[in-house]
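Engineer: The following block contains the structure, expressed as structure tokens.
The values are calculated or read from the model by the stated rules, or taken from the named source; none is laboratory data. A quick note: this is a predicted structure, and the numbers were derived from the prediction, not measured. For neighbour counting, all protein chains shown are included, and Cβ atoms are generated from backbone atoms with ideal geometry for every residue, glycine included. Surface areas here come from the heavy atoms of the whole protein model, side chains and all, with no ligands, DNA or RNA. Shrake-Rupley method; radii C 1.70, N 1.55, O 1.52, S 1.80 Å.
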Amino acid sequence: MAENAERSEETLYKPSPKSIEREKQAMEEEPIEDLSSLLLPNLNDLPQNPPTAVEFNFSRYFLPDFTKPGHDQYIYRHANGLCVIGLAQAHVALKEEGGVTAVDFNVGKSDRSELKVTGKRKRNAQHFESNSALCKVCTNDNFYIVRCCVKGSLLEVNDRLIKQPGLLNSSADREGYVAIIMPKQGDWLKIKDSLLSYEDYVKLRGLL
């Protein structure tokens, strides 16, 4: 009886030749989506000026005339809270003839370039105030102090600038950054509203 039941079940669910043919025709008539449209974007949908890596990965803030006129600096803040510090585009040092010619991290009572931070807990990180000096940038006729801009732990300085000070002239917002600082969330919120956005900064300095 079990064998007969299995045979009757096979007979019940066995598709007829006509239904197979109809299904085959339906599959042939159904349009197959071009996979390339899923993998490759439509050029008409792409922006004319795609964001740079800095624009994509960081929120950009600016401090014009920080401590002194013309001492413009930036803070590029990553989603993880890290802040990259550097000279803004209209910093007076970058406007001088010949631009920046030397960078000295030996300021105050310590050489910032000798900082060695280790481990996930950032052992040996030094804590500084927003107006603490990071380094001194020199031009042919003057020198300028670059400051932390935000209270926090100094995790890294860009010691490439010692041998390659010209990075500040060519790419101050990228390879020519000065330092990386990790502020506490509370300290960041205290100064955030006092900073300028990129759009407001370029309008202020007429860089559009």
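Engineer: Residue under question is Ser113, and the condition is that it be at negative phi and assigned to a loop (DSSP other than H, G, I, E, B); does it hold?
Structural biologist: No; evaluated as a whole, the condition is false for this residue.
Engineer: Another question about this same structure. Mind telling me which of the residues Ala93, Ala125 ends up being among the small types (Gly, Ala, Ser) and touching a residue at least 60 places away in the same chain (Cβ under 8 Å)?
Structural biologist: Unique residue meeting the criteria: Ala93.
Engineer: Restricting to segment 125-134, count the residues that are over 17 Å from Leu63 (Cα atoms) and open to solvent by less than 40 Å² (accessible area, probe 1.4 Å).
Structural biologist: Looking only at that region, the number is 2.
Engineer: Would you check if Leu155 is in a helix (DSSP H, G or I), surrounded by 13 or more Cβ atoms within 10 Å (Cβ to Cβ) and aliphatic (A, V, I, L, M)?
Structural biologist: Answer is no for this residue.
Engineer: Looking only at segment 185-202, decide whether some residue is in a loop (DSSP other than H, G, I, E, B) and of a type in the set (Gly, Ala, Ser).
Structural biologist: Looking for residues that are in a loop (DSSP other than H, G, I, E, B) and of a type in the set (Gly, Ala, Ser), one finds at least one in segment 185-202, hence yes.
Engineer: Among the residues of segment 135-144, how many are open to solvent by less than 40 Å² (accessible area, probe 1.4 Å) and either assigned to a loop (DSSP other than H, G, I, E, B) or touching a residue at least 60 places away in the same chain (Cβ under 8 Å) (or both)?
Structural biologist: Count: 2.
Engineer: Which is loosely packed, with under 13 Cβ neighbours inside 10 Å and in contact (Cβ under 8 Å) with a residue 40 or more places away in the chain, of Gly98, Gly206?
Structural biologist: Just a single option satisfies the conditions, and that option is Gly98.
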